[in-house]
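The values are calculated or read from the model by the stated rules, or taken from the named source; none is laboratory data. Since this is a predicted model, take the numbers as computed values, not measurements. Neighbour counts are summed over all protein chains in view; Cβ atoms, including those assigned to glycine, are modelled from backbone coordinates with ideal geometry.
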Amino acid sequence: MYVYAPTHEKYYKSLIPCNVADYAYDEQFIIAYQTHNPNCLDDAMREDELKLGRLSNFWIVVKDSRTTIGPLSPEEYRIKRQELQIPDNLKLRSL
């Protein structure tokens, strides 16, 4: 699964690299949980993952500004949710 956003006529860009295992959204935010897939990440992300030793990441997309925040550790994700005041009822199903 991928999370895409329209760029202009008929073209989309990936906001979150695969594999997106779960996501939720409302009018303001998209939140996503990404599992490790070394075949899908660009070289910079692969290097970051290896340094961090993480096999999964969290992402937040702020719809109004089209800002993508991530990859985030579970703790970074929790803090950023609070900072952005993401509603408690916007939850990932699998977690």
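Looking only at the stretch 60-78, which residues are in a loop (DSSP other than H, G, I, E, B), closer than 18 Å to PRO17 by Cα and not hydroxyl-bearing (Ser, Thr, Tyr)?
Hits for the stretch 60-78 are LYS63, ARG66.
Which one is surrounded by the fewest Cβ atoms within 10 Å (Cβ to Cβ), of the residues in the stretch 10-20 that are modelled with pLDDT under 75 and part of a strand (DSSP E or B)?
Once the filter is applied, the top-ranked residue is TYR11.
Kindly list, by first and then second residue, each pair from a residue in the stretch 57-83 that is under 24 Å from ASN37 (Cα atoms) to a residue that is hydroxyl-bearing (Ser, Thr, Tyr) and assigned to a helix (DSSP H, G or I), limited to pairs with Cβ atoms under 6 Å and residues at least 6 apart or on different chains.
PHE58/TYR77
Only one residue in TYR23, TYR2 is modelled with pLDDT under 75 and either of a type in the set (A, V, I, L, M, F, W, C) or within 11 Å of the chain's Cα centre (by Cα) (or both), so which one is that?
Checking each option against the conditions leaves just TYR2.
For the subset of the stretch 37-60 comprising residues that are more than 13 Å from LEU72 (Cα to Cα) and either among the small types (Gly, Ala, Ser) or in contact with a Lys or Arg (Cβ under 9 Å, 6 or more places away or on another chain) (or both), which member is modelled with the lowest pLDDT?
Here the residue is ALA44.
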